[in-house]
Amino acid sequence: MRVVEQTDDVVMITDPAGIIEYVNAAFERETGYRRAEVIGQSSRILHSGVQDAGFYKKMWDTISSGHSFRALMVNRRKNGELFYEEKTITPLRDSNNVITHYLSTSKDVTERRRLDEQMQQSEKLASIGQLAAGVAHEINNPVGYISSNIATLTRYLDGIFRLLNAYEEAENAIGDSALRERLHALKQEVDLAFLRDDIRALIDESSEGVARVKKIVQDLKDFSRQEEAEWQMADVHKGLESTLNIVHNELKYKAEVVREYADLPLVECIPSQLNQVFLNLLVNAAQAIDHHGVIHVRSGMDGAWCWVEVEDNGKGIPPEHINRLFEPFFTTKPVGKGTGLGLSISYGIVQKHGGRIEVDSEVGRGSRFRVWLPLRQPGSATAEAGEGQ
Ligand SMILES: Nc1ncnc2c1ncn2[C@@H]1O[C@H](COP(=O)(O)OP(=O)(O)OP(=O)(O)O)[C@@H](O)[C@H]1O
Ligand SMILES: [Mg+2]
């Protein structure tokens, strides 16, 4: 029993009906329940609601027929937190081969899963980032000359139209009436009046389209930006305020902005990039609000970290979207409204700052995006000076 008591594995022994008879010290540590609180209780107190009735039926069928059962489960700690367990339940029998107890041993794998998920996510984004940078690079050049050619063509066409106008004015001076007739007929045939208008419209539309592609390419480059910008000690609130000014027009009809700033020290960062993060979060918040809502902009400190958050009371995010938010091109907005790059760019920037973004959202209630930033970058002169004190 001393071994069981001291192992890091969580051990629980129940009677055949699932009533807890013994738990070890690791159980108390992992679940937050004290031994006296759980002995005599059903092992159901750990249920999280994540596994369905079918899961438990299969578990009971397996163990009551004398087999062991292994599974990855989500259970609930005393404080309400969910945790992942790799659990094995083994039936214990007496000398008559009757099941007298069930022995459950498990390992808490929550942290491992979280790290795995984080790693997968950042690897995925890093490789998409590389791909994006490559694509952006390839598109940049052709888009550059298409856009400059459109500008040149517009100038040439202006010239041609001016010349055409002059010819039209000169038409009546043509003595040869057969030639005049032919010109007139040709003008009708090609529908010159329509061409004039439509050529203009086509060119305008094409330049708009090219401008949009350019913006996307620029966003993609920002997303995967490798080159160094200026690190400096900056006032995060100042950046927030200038960003709020920029988006003022987009926000003013959508929401009231409520500021709840803490006292923050200067933060070592690349201010222009952080502003881009704030901009994306604020625009998303406004776009999530259908009619009129409230956007809270808050800041705070915790040890060597500070945070800035943007909370809206808009439509919220369904759970199945949460893991995809930071993927480039993931968007639920109509074509032309969102390209799905805002959050992926923001993710890249925050990661470069050694920080992280937390999301909390509920459909129908709203969303909160909190950006955590270290006050100092590791290895920087200021960080070392700070440590020496
Ligand atoms: N505050 C929010 N409330 C509800 N949904 C959000 C919020 N922020 C982001 N989302 C969801 O995440 C998706 C991705 O956001 P992201 O900012 O990356 O792209 P986008 O806003 O769709 O387009 P872009 O930012 O490129 O214009 C959005 O389409 C939306 O579904
Ligand atoms: Mg966005």
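Remarks
- Residue satisfying all of: in segment 289-299; modelled with pLDDT of 95 or more and surrounded by fewer than 22 Cβ atoms within 10 Å (Cβ to Cβ); nearest to ligand 2 (Cβ to nearest atom) among these: I289
- Test for R180: is it in a helix (DSSP H, G or I), surrounded by 14 or more Cβ atoms within 10 Å (Cβ to Cβ) and of a type in the set (K, R): yes
- Total residues in segment 338-381, condition within 7 Å of ligand 1 (Cβ to nearest atom), touching a residue at least 24 places away in the same chain (Cβ under 8 Å) and within 24 Å of A133 (Cα to Cα): 6
Let's see how each residue does on (1) modelled with pLDDT under 95; (2) in the same structural domain as H248 (by TED's automatic domain parsing); (3) out of contact with any Pro (no Cβ under 6 Å at 6 or more places or on another chain); (4) more than 29 Å from V213 (Cα to Cα):
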residue	(1), (2), (3), (4)
Y347	yes, yes, yes, no
Q351	yes, yes, yes, no
D360	no, yes, yes, yes
A383	yes, yes, yes, yes
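- Those residues of segment 310-334 which are away from ligand 2 (no atom under 16 Å from the Cβ) and in contact with a strand residue (DSSP E or B) (Cβ under 9 Å, 6 or more places away or on another chain), in sequence order: N313, P318, P319
- Just one of the listed residues (N75, N79) is among the polar types (S, T, N, Q), outside any helix (DSSP H, G or I) and exposed (fewer than 14 other Cβ atoms within 10 Å of the Cβ), namely N79.
- Here the condition is being outside the structural domain of F329 (by TED's automatic domain parsing), in contact with a Lys or Arg (Cβ under 6 Å, 6 or more places away or on another chain) and surrounded by 12 or more Cβ atoms within 10 Å (Cβ to Cβ); of A126, A136, A132, it holds for A136 alone.
- Here N97 passes the criteria (1) farther than 24 Å from R113 by Cα; (2) under 42 Å from the mean Cα position of the chain (by Cα) except the one numbered (2).
- The combined condition, being more than 30 Å from S344 (Cα to Cα), hydrophobic (A, V, I, L, M, F, W, C) and in contact (Cβ under 8 Å) with a residue 40 or more places away in the chain, is not fulfilled by L164.
- Considering the conditions (1) modelled with pLDDT under 95; (2) within 14 Å of ligand 1 (Cβ to nearest atom); (3) more than 19 Å from T332 (Cβ to Cβ), S272 is excluded by exactly one of them, (2).
- Boolean, L343 is within 14 Å of ligand 2 (Cβ to nearest atom) and surrounded by 15 or more Cβ atoms within 10 Å (Cβ to Cβ): yes
- Checked against (1) within 11 Å of ligand 1 (Cβ to nearest atom); (2) at pLDDT below 95, V310 passes all but condition (2).
- Residues in segment 233-257 that are assigned to a helix (DSSP H, G or I) and buried (at least 20 other Cβ atoms within 10 Å of the Cβ): V236, G239, L240, T243.
- Among the conditions (1) in a loop (DSSP other than H, G, I, E, B); (2) away from ligand 2 (no atom under 15 Å from the Cβ); (3) within 12 Å of the chain's Cα centre (by Cα), R370 misses just one, which is (1).
- The set of residues in segment 346-360 that are closer than 18 Å to R298 by Cα and within 14 Å of ligand 2 (Cβ to nearest atom) comprises S346, I357, V359.
Residue-by-condition table, conditions (1) buried (at least 17 other Cβ atoms within 10 Å of the Cβ); (2) assigned to a strand (DSSP E or B); (3) of a type in the set (D, E):
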site	(1), (2), (3)
R259	no, yes, no
N275	yes, no, no
N280	yes, no, no
E309	yes, yes, yes
K315	yes, no, no
R324	no, no, no
K333	no, no, no
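- In the set (1) on the phi < 0 side of the Ramachandran plot; (2) away from ligand 2 (no atom under 16 Å from the Cβ), the condition left unmet by G303 is number (1).
- P319, sole failed condition from (1) closer than 18 Å to E117 by Cα; (2) crowded, with 17+ Cβ neighbours inside 10 Å; (3) more than 11 Å from ligand 1 (Cβ to nearest atom); (4) not aliphatic (A, V, I, L, M): (2)
The values are calculated or read from the model by the stated rules, or taken from the named source; none is laboratory data. The structure displayed is predicted, hence computed values, not measured ones. Glycine also receives a Cβ, built like all others from the backbone with ideal geometry; neighbour counts cover every protein chain displayed.
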